[in-house]
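K.L.:
One structure, pasted below without further comment.
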Amino acid sequence: MKYALIGCGRISPNHIAAALANNLEILAICDIEPDCMEEKALKFELSNDIKRYTDYREMLEKEKPELVAIATESGKHATIALDCIEAGCNIIVEKPIALSIEDATNIIEAARKKGVKVCANHQNRFNKSIKKIRDAYEKKRFGKLFYATAHIRWNRNWEYYSRAKWRGTWEQDGGALMNQCIHNIDLLRWMMGDEVDEVFAYTDKLNHEYIDAEDLGIALIKFKNGAYGIVEGTTDIYPKNLEETLYIFGEKGTIKAGGQSVNQIEVWNFADELDDSREVIQNYSENPPNVYGFGHTPLYADVIDAIENDREPLVSGEDGKRALELVLAIYQSAATGKPVKLPLGNVRTLDFKGRFD
């Protein structure tokens, strides 16, 4: 399958590695900074036959890839995605899928009309730990779901933001919740049945005067099935990333996934005693080298299979829209000081420009 990558920044090595592991034919890589392309080409020993482009539209026209990964700054995801879809490409879009409900909807509708697949790159769904927890959820081992909590206690400093001026801006990014925390927010919503009734939240900027958006978010979520969710996300932790954890509490089950990126099962208790908790903790935990984990390669494998067998990817465009919607609902509640009902109308990150001025 013919493949191209748009955006050769911080997350691009995971995409290139996943493409190589899945035997994709890499036609081209694209970035507005030639040095970024050459750095990644050298790192992965990419052949000189793999074309380099600074204009993705030219790349689409000349190379005609079947699958394109979009790993640019978040604010450009929607425009690039729509151009790729119009060119007949299936796409993998790094999180968030877009920065507005309208753009996310347009991507999903355009892909449906064109007959191509859209995958939102929430790779933590493919963690061994998360797959095991999801299996328990689907088999209803928790019984009645009571509540779940997602904690993202990370550090991002001046060096991180100074490397890319788009980070932390309402136009191109959003804050800690949209950039760093959206993966675990996605998992929380997914594990609790997806359907959210209401959100109430606070956000603040406590320690990053040089960004526009929040570095702390705390939210309460009421699901339509009667369960509740709690989100605590921050980039204020001293001196480095501490943890990313997901707890689920039910009538007949309790779990905790932790580690750098919810990649380790730390608590596994179920009333049915179908498995030994010690064995589960040992066999379904991984120790990745960074917070990106090992999920990109199986996510790519799933997308390839979805294209070949004409089915929806396991992480679809709709899934990406749901994660985006929950973050935007948190932003809206924090800005208004009121609970917010879902589904949202056309909310966008730009609606909150000047929030912390």
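K.L.:
For segment 324-336, check the following and say yes or no: at least one residue is under 24 Å from Ile107 (Cα atoms), touching a residue at least 40 places away in the same chain (Cβ under 8 Å) and part of a loop (DSSP other than H, G, I, E, B).
P.N.:
No: segment 324-336 contains no residue that is under 24 Å from Ile107 (Cα atoms), touching a residue at least 40 places away in the same chain (Cβ under 8 Å) and part of a loop (DSSP other than H, G, I, E, B).
K.L.:
Here is a list: Ile11, Ile101, Ile6, Ile108. Which entry is among the aliphatic types (A, V, I, L, M), buried (at least 23 other Cβ atoms within 10 Å of the Cβ) and closer than 30 Å to Thr349 by Cα? Outline the logic, then answer.
P.N.:
Values: Ile11 fails: buried (at least 23 other Cβ atoms within 10 Å of the Cβ); Ile101 fails: buried (at least 23 other Cβ atoms within 10 Å of the Cβ); Ile108 fails: buried (at least 23 other Cβ atoms within 10 Å of the Cβ).
Being among the aliphatic types (A, V, I, L, M), buried (at least 23 other Cβ atoms within 10 Å of the Cβ) and closer than 30 Å to Thr349 by Cα holds for just one of Ile11, Ile101, Ile6, Ile108, which is Ile6.
K.L.:
Return the residues of segment 166-190 that are touching a strand residue (DSSP E or B) at 6+ places or on another chain (Cβ under 8 Å) and either under 14 Å from Asp204 (Cα atoms) or β-branched (Val, Ile, Thr) (or both); say none if nothing qualifies.
P.N.:
Those that are touching a strand residue (DSSP E or B) at 6+ places or on another chain (Cβ under 8 Å) and either under 14 Å from Asp204 (Cα atoms) or β-branched (Val, Ile, Thr) (or both): Gly175, Ala176, Leu177, Ile185.
K.L.:
Go through segment 33-56 and give me each residue that's charged (D, E, K, R), assigned to a helix (DSSP H, G or I) and loosely packed, with under 14 Cβ neighbours inside 10 Å. Steps first, please.
P.N.:
Going through segment 33-56, the residues charged (D, E, K, R) turn out to be 33, 35, 38-40, 43, 45, 49, 51-52, 55.
This time we only want the ones that are assigned to a helix (DSSP H, G or I), so: 35, 38-40, 43.
Across segment 33-56, the qualifying residues are Asp35, Lys43.
K.L.:
Same structure again: Looking at the structure I just gave you, is Leu274 more than 23 Å from Lys128 (Cβ to Cβ) and either modelled with pLDDT of 95 or more or part of a strand (DSSP E or B) (or both)?
P.N.:
Values: more than 23 Å from Lys128 (Cβ to Cβ): no; either modelled with pLDDT of 95 or more or part of a strand (DSSP E or B) (or both): yes.
Considered against the rule, which asks whether it is more than 23 Å from Lys128 (Cβ to Cβ) and either modelled with pLDDT of 95 or more or part of a strand (DSSP E or B) (or both), Leu274 comes out as no.
K.L.:
If you go through segment 269-289, how many residues are hydroxyl-bearing (Ser, Thr, Tyr) and either surrounded by 15 or more Cβ atoms within 10 Å (Cβ to Cβ) or touching a Leu at 6+ places or on another chain (Cβ under 8 Å) (or both)?
P.N.:
Taking segment 269-289 first, the residues hydroxyl-bearing (Ser, Thr, Tyr) are 277, 284-285.
Checking which are either surrounded by 15 or more Cβ atoms within 10 Å (Cβ to Cβ) or touching a Leu at 6+ places or on another chain (Cβ under 8 Å) (or both) leaves us with 284-285.
Residues that pass the stated criteria total 2.
K.L.:
Also: Identify the single condition in (1) under 30 Å from Val347 (Cα atoms); (2) surrounded by 16 or more Cβ atoms within 10 Å (Cβ to Cβ) that Ala335 does not satisfy, given that it satisfies every other one.
P.N.:
Unmet for Ala335, out of (1) under 30 Å from Val347 (Cα atoms); (2) surrounded by 16 or more Cβ atoms within 10 Å (Cβ to Cβ): (2).
K.L.:
Considering only residues that are small (Gly, Ala, Ser) and not in a loop (DSSP other than H, G, I, E, B), look in segment 253-271 and name the one that is farthest from the chain's Cα centre (by Cα). Break it down into steps so the answer makes sense when it comes.
P.N.:
The initial filter retains those residues of segment 253-271 that are small (Gly, Ala, Ser), namely 253, 257-259, 261, 271.
This time we only want the ones that are not in a loop (DSSP other than H, G, I, E, B), so: 253, 257-258.
Details: Gly253: 26, Ala257: 17, Gly258: 17 Å.
Restricting to residues being small (Gly, Ala, Ser) and not in a loop (DSSP other than H, G, I, E, B), the top hit is Gly253.
K.L.:
Exactly one condition in (1) farther than 23 Å from Gln172 by Cα; (2) surrounded by fewer than 17 Cβ atoms within 10 Å (Cβ to Cβ); (3) among the aliphatic types (A, V, I, L, M) is false for Ile26; which is it?
P.N.:
(2)
The values are calculated or read from the model by the stated rules, or taken from the named source; none is laboratory data. Source: prediction; values computed, not measured. Ideal geometry is used to build each Cβ from the backbone, glycine not excepted, and the neighbour counts take in all protein chains shown.
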